[in-house]
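Trainee: Handing you this structure, nothing more for now.
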């Protein structure tokens with residue numbers, strides 16, 4: 001009687017077809033008159049990794065919030081494989097296959113590690129049994145199997161980050177937006193994560209958007225980069241091109257000089 | 001593989017470990033045949049159903065609900081109207097609508113009906129409230145309790161107004177109460193482990209993250225609230241057919257705080273906590289009541305001792321909230337305690353230790 005929670009399930013399976021695109025078209029976001037994003041456009045295709053970089057306060061997290069429906073853009077459209085998803089509630093966007101992680105880890109702290117991952121699969125419409133099997137695969141893949149019965153709040157920060165990514169993957173995303181996945185990880189943990197993330201687009205056919213300040217990780221992982229500064233696009237293209245752009249160099253050196 | 005089975009062994013173990021002592025208690029009480037003990041134990045089971053019902057909503061959603069006892073009243077009155085003998089209805093409920101005045105059902109049918117009426121009322125009333133979180137949700141649930149109470153006091157045709165309604169057939173015995181309570185233990189555990197229960201607990205821990213992975217916050221809460229009201233209605237019907245006469249004041253603040261206190265002290269996160277809290281507070285209450293009576297009869301103090309139970313409950317609640325805010329039982333159900341977990345994973349541990357030793361001996 002209480003077992004079925006797949007109301008309003010929207011997820012069209014053909015979204016996962018190769019070549020599906022998430023298109024952000026001239027999106028602006030305002031907070032009390034302050035323009036956090038100003039006419040930013042970007043595109044992610046399935047099977048690729050896009051790095052979203054920029055100094056602190058440049059609007060990277062705001063972009064993720066706008067795409068996943070936590071914020072409603074003041075102008076511009078967001079389009080998923082031909083569907084206009086602008087202004088949809090976060091839940092519907094998630095069910096359409098756009099999942100995210102958070103800059104500050106948001107796990108379900110009283111749930112076990114396994115339940116955290118299962119819950120995302122269940123939210124996507126799976127039975128508990130199937131969800132548990134999917135969680136088992138993901139936990140083993142992410143090296144979290146030994147912690148499966150521990151409460152999520154008992155884990156180290158780096159492990160929590162991995163649980164959050166495993167949880168998002170359990171919802172079977174078409175596009176996955178990761179907000180600083182390597183923050184708080186040491187170099188070894190970050191390298192392990194890098195390998196896991198690098199395989200995702202090929203293995204699962206999903207498109208990844210990654211925000212991170214760890215340039216080593218970004219340069220090695222991303223196929224393309226999109227650079228924001230003060231809410232505006234100041235550069236985009238493949239890694240080598242972007243790295244040499246004068247505006248990008250200046251934005252980074254400028255912010256570092258003040259830091 | 002055991003972990004891909006539909007129900008985890010820990011869950012079954014929890015249900016068994018909670019139900020067996022409860023059934024055992026009923027047997028012992030039945031054998032010793034002391035009227036007072038039987039009465040106290042029957043009320044313990046009825047209170048347990050109410051506490052479990054509150055746990056289903058409050059424990060899994062994390063939202064404090066004051067309205068619970070209001071639904072207990074709905075169940076009690078619905079069941080009363082369906083069971084008071086036709087020849088007594090003229091006296092007990094003179095203004096009752098003709099359709100209902102000629103109706104008389106078996107109390108057992110009426111108990112289920114009482115629970116269903118409470119669930120139906122909750123279904124209709126609560127959906128708009130489910131969008132609220134935190135303080136706003138708590139305050140509206142309190143308002144809902146006041147509204148339900150006011151209706152019970154003023155809807156004379158059904159409730160006999162603020163006066164005592166009498167004439168309910170006595171139908172709730174020790175075993176019926178025990179059996180119902182054990183069933184509800186199972187229901188509460190299964191709900192917690194269901195898809196809705198899992199997602200509701202996710203929403204409780206982080207609403208934003210749960211919505212961002214596709215959880216429908218208000219629908220999940222709504223389902224929990226309806227089941228919770230069903231259990232409150234069942235508890236109310238059982239109580240009505242145990243006590244046989246009552247007035248609306250039975251379903252108001254005093255009972256609300258007793259049930260809430262039991263859950264908060266036991267620990268609202270778990271079904272085990274609900275059981276532990278109910279038993280602990282009942283034992284404490286009865287001990288205090290006996291002490292109070294003894295002191296008064298012996299006239300040790302210059303004045304009569306009154307209100308000891310209320311004062312102690314209040315102090316216990318404050319102490320628990322300060323010292324152990326999540327209650328006596330924190331996060332783990334009985335079947336998930338470390339001692340049993342060790343049992344489930346012993347094989348794995350043993351294996352890894354042997355492997356480690358082998359590696360060390362190689363070095």
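The values are calculated or read from the model by the stated rules, or taken from the named source; none is laboratory data. Predicted model only: the values in this text are computed from it and were never measured. Neighbour counts are summed over all protein chains in view; Cβ atoms, including those assigned to glycine, are modelled from backbone coordinates with ideal geometry.
Trainee: Quick test of your reading of the structure: residue B:330 fulfils all but one of (1) within 30 Å of residue B:11 (Cβ to Cβ); (2) without any contact (Cβ under 8 Å) to a residue 40 or more places away in the chain. Name the failing condition by number.
Mentor: Going through (1) within 30 Å of residue B:11 (Cβ to Cβ); (2) without any contact (Cβ under 8 Å) to a residue 40 or more places away in the chain one by one, residue B:330 breaks only (2).
Trainee: To continue, here is another question. Read through the list (1) within 19 Å of the chain's Cα centre (by Cα); (2) closer than 30 Å to residue B:330 by Cβ; (3) surrounded by 22 or more Cβ atoms within 10 Å (Cβ to Cβ), then give the number of the only condition that residue A:175 fails.
Mentor: Failed condition: (2).
Trainee: Please return the ranges of helices (runs of 4 or more DSSP H) entirely within segment B:33-132 where 2 or more residues are more than 28 Å from residue B:276 (Cα to Cα) and in contact (Cβ under 8 Å) with a residue 40 or more places away in the chain.
Mentor: Answer list for segment B:33-132: B:68-83, B:86-92, B:107-126.
Trainee: Taking the options A:218, A:210, name whichever one is within 21 Å of the chain's Cα centre (by Cα), buried (at least 18 other Cβ atoms within 10 Å of the Cβ), in contact (Cβ under 8 Å) with a residue 60 or more places away in the chain and outside any helix (DSSP H, G or I).
Mentor: Checking each option against the conditions leaves just A:210.
Trainee: Go through the residues of segment B:239-250 one by one and say whether even a single one is closer than 29 Å to residue B:105 by Cα and within 11 Å of chain A (Cβ to nearest Cβ).
Mentor: No - not one qualifying residue is present in segment B:239-250.
Trainee: Counting residues that are surrounded by fewer than 20 Cβ atoms within 10 Å (Cβ to Cβ), touching a helix residue (DSSP H, G or I) at 6+ places or on another chain (Cβ under 7 Å) and on the phi > 0 side of the Ramachandran plot, which helices (runs of 4 or more DSSP H) fully inside segment B:248-330 reach at least 3?
Mentor: Working: elements: B:253-266, B:271-298, B:308-323.
Helices (runs of 4 or more DSSP H) meeting the threshold: none at all.
Trainee: Is there a residue in segment A:162-172 that is in contact (Cβ under 8 Å) with a residue 12 or more places away in the chain and away from chain B (no Cβ under 14 Å)?
Mentor: Yes; the residues of segment A:162-172 include at least one that is in contact (Cβ under 8 Å) with a residue 12 or more places away in the chain and away from chain B (no Cβ under 14 Å).
Trainee: Right, here's the next one. Go through segment A:117-157 and give me each residue that's surrounded by fewer than 18 Cβ atoms within 10 Å (Cβ to Cβ) and part of a helix (DSSP H, G or I).
Mentor: Selection gives A:129, A:130, A:133, A:137, A:140, A:141, A:145, A:146, A:153, A:154, A:157.
Trainee: Inspect all residues belonging to segment B:177-189 and state whether any of them is out of contact with any strand residue (DSSP E or B) (no Cβ under 8 Å at 6 or more places or on another chain) and over 24 Å from residue B:259 (Cβ atoms). If you could, list the steps in order and put the result at the bottom.
Mentor: Of the residues in segment B:177-189, the ones out of contact with any strand residue (DSSP E or B) (no Cβ under 8 Å at 6 or more places or on another chain) are B:177-189.
Next, from what is left, pick out any that are over 24 Å from residue B:259 (Cβ atoms): none.
No, segment B:177-189 has no match at all.
For (1) more than 22 Å from the chain's Cα centre (by Cα); (2) at pLDDT 95 or above; (3) surrounded by fewer than 20 Cβ atoms within 10 Å (Cβ to Cβ); (4) more than 30 Å from residue B:160 (Cβ to Cβ), each residue gets a yes or a no:
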| position | (1), (2), (3), (4) |
| --- | --- |
| B:34 | yes, no, yes, yes |
| B:67 | no, yes, no, no |
| B:88 | yes, no, yes, no |
| B:112 | no, yes, yes, no |
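Trainee: What is the residue count in segment B:203-219 for residues that are in contact (Cβ under 8 Å) with a residue 60 or more places away in the chain and within 7 Å of chain A (Cβ to nearest Cβ)?
Mentor: 2
Trainee: Restrict the check to segment B:222-239 and report whether at least one residue is without any contact (Cβ under 8 Å) to a residue 60 or more places away in the chain and in contact with a helix residue (DSSP H, G or I) (Cβ under 6 Å, 6 or more places away or on another chain). Before you say what the answer is, go through the steps one by one.
Mentor: From segment B:222-239, those without any contact (Cβ under 8 Å) to a residue 60 or more places away in the chain are B:223; that's our starting set.
After this cut, where a residue has to be in contact with a helix residue (DSSP H, G or I) (Cβ under 6 Å, 6 or more places away or on another chain) as well, the list is B:223.
There is at least one residue in segment B:222-239 that is without any contact (Cβ under 8 Å) to a residue 60 or more places away in the chain and in contact with a helix residue (DSSP H, G or I) (Cβ under 6 Å, 6 or more places away or on another chain).
Trainee: Let me ask something else about it. Any residue at all in segment B:270-287 that is farther than 24 Å from residue B:184 by Cβ and free of Cβ contacts under 8 Å to residues at least 60 places away in the same chain?
Mentor: Within segment B:270-287, one or more residues are farther than 24 Å from residue B:184 by Cβ and free of Cβ contacts under 8 Å to residues at least 60 places away in the same chain.
Trainee: Right, here's the next one. Picking from A:74, A:166, A:81, A:131, which residue would you name as being more than 28 Å from residue A:216 (Cβ to Cβ) and not assigned by TED's automatic domain parsing to the domain that holds residue A:35? Write out each step before concluding.
Mentor: Working: A:74 fails: not assigned by TED's automatic domain parsing to the domain that holds residue A:35; A:166 fails: more than 28 Å from residue A:216 (Cβ to Cβ); A:81 fails: not assigned by TED's automatic domain parsing to the domain that holds residue A:35.
When all the criteria are applied, what remains is A:131.
Trainee: Scan segment A:109-137 for residues that are more than 8 Å from every other protein chain (Cβ to nearest Cβ) and farther than 23 Å from residue B:207 by Cβ and jot them down.
Mentor: Answer for segment A:109-137, where residues must be more than 8 Å from every other protein chain (Cβ to nearest Cβ) and farther than 23 Å from residue B:207 by Cβ: A:130, A:134, A:137.
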